[in-house]
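Below you'll find the structure, written out as structure tokens, and then a few comments.
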Amino acid sequence: MKWEDRGRSKNLEDRRGSGSPVGRGVPLGIGGILLIVALSAITGTDLFALLGLNQGTQTSTPATQQELAAEEEQVRFVSFVLDDIQDTWAGMFQGGQYPEATLVLYRDAVQSGCGVAPSAAGPFYCPTDQKLYIDLSFYDTLQERYGAPGDFAQAYVIAHEVGHHIQNLTGTLGQMRQSQQANPSQANALSVALELQADCYAGIWAASADASGIMERGDLQEGLGAAAAVGDDRLSSQAGRSVNQETFTHGTSAQRMQWFETGFRTGDPNACDTFRASGF
């Protein structure tokens with residue numbers, strides 16, 4: 001990606017230098033926080049508390065000045081990507097009335113409007129405070145554990161989470177929660193449709209990035225590789241679990257690649273109706 005001499009976002013909140021309460025949580029994966037929020041609404045139970053994600057039990061170690069300096073280039077990159085993604089969406093909202101999301105950088109664990117989340121939860125968007133959260137160490141995991149290297153793979157993660165912000169602003173997220181409450185047996189399938197739409201929205205930003213000359217050869221493949229790397233079927237296989245589509249909450253690798261590519265090919269949010277495509 002060609003990003004070094006471009007803009008930076010004013011919506012970056014850096015909490016890496018301060019300790020955060022750590023909950024007794026479980027790994028949730030990318031977008032897992034959204035599923036917990038939705039299921040809490042369905043069941044009427046605070047699942048964050050039940051899973052220990054609201055209970056601070058210790059304090060994370062704040063990053064040292066040396067560690068912060070080592071991550072400075074990555075922070076600049078994340079800031080640029082966030083700025084460019086939100087500029088893209090601002091141009092698509094009527095009258096440019098787009099309330100920008102804030103991206104919070106943290107280390108080990110973080111207090112969000114959705115509760116306390118450990119870094120094992122992966123990057124997530126909290127609709128309550130309209131903020132994205134990411135521990136930069138996730139990018140090492142993305143490359144080393146999930147096999148998805150490259151700067152555009154990292155950008156895809158942010159674009160996907162901003163996609164959830166778009167869903168929150170347009171009311172899609174709230175509508176999905178209502179549908180899950182009305183049809184609990186369809187909760188997972190509705191979650192898959194939500195996540196695939198966020199992938200499609202990430203592809204829309206990629207189309208804009210390509211048109212503006214930001215993308216380089218190989219970037220599209222990196223984005224598709226990242227989408228495939230976090231497919232439910234691949235993650236299940238890597239964890240040694242049986243692949244059961246009824247338990248999926250984010251979609252298969254093939255589905256995630258397909259919808260990211262749909263967004264990239266069309267550049268049109270109207271082409272991202274994954275709910276209708278899924279029969280809802």
Pop a pseudo-label 7 angstrom from the Cα along the beta-carbon direction at both D140 and T170 and give the gap in nm to one decimal. 3.7 nm
Which distance in nm do the two modelled labels at K10 and F93 give, with both placed 7 Å along the Cα-to-Cβ direction? 1.4 nm
Under a 5 Å amide H to amide H cut-off, with H placed in plane at 1.01 Å, what residues pair with F124 once short-range neighbours are removed? Y133
By the C-alpha gyration tensor axes a ≥ b ≥ c (rounded if a/c is under 1.5, else prolate when a/b exceeds b/c, else oblate), the shape of segment 137-280 is oblate
Rank by packing, highest mean first: peptides 156-162, 176-182, with packing defined as the count of other Cβ atoms within 10 Å averaged across residues. 156-162, 176-182
With label points built 7 Å along Cα→Cβ from the Cα atoms of R265 and Q178, find their separation and express it in nm. 3.2 nm
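Where a number appears in this text, it was derived from the coordinates with a stated rule and is not lab data. Just so it is clear, the structure is predicted and the values come from calculations on it, not from any experiment. In this analysis, Cβ positions are derived from the backbone assuming ideal geometry, glycine residues included, and neighbour counts consider all displayed protein chains.
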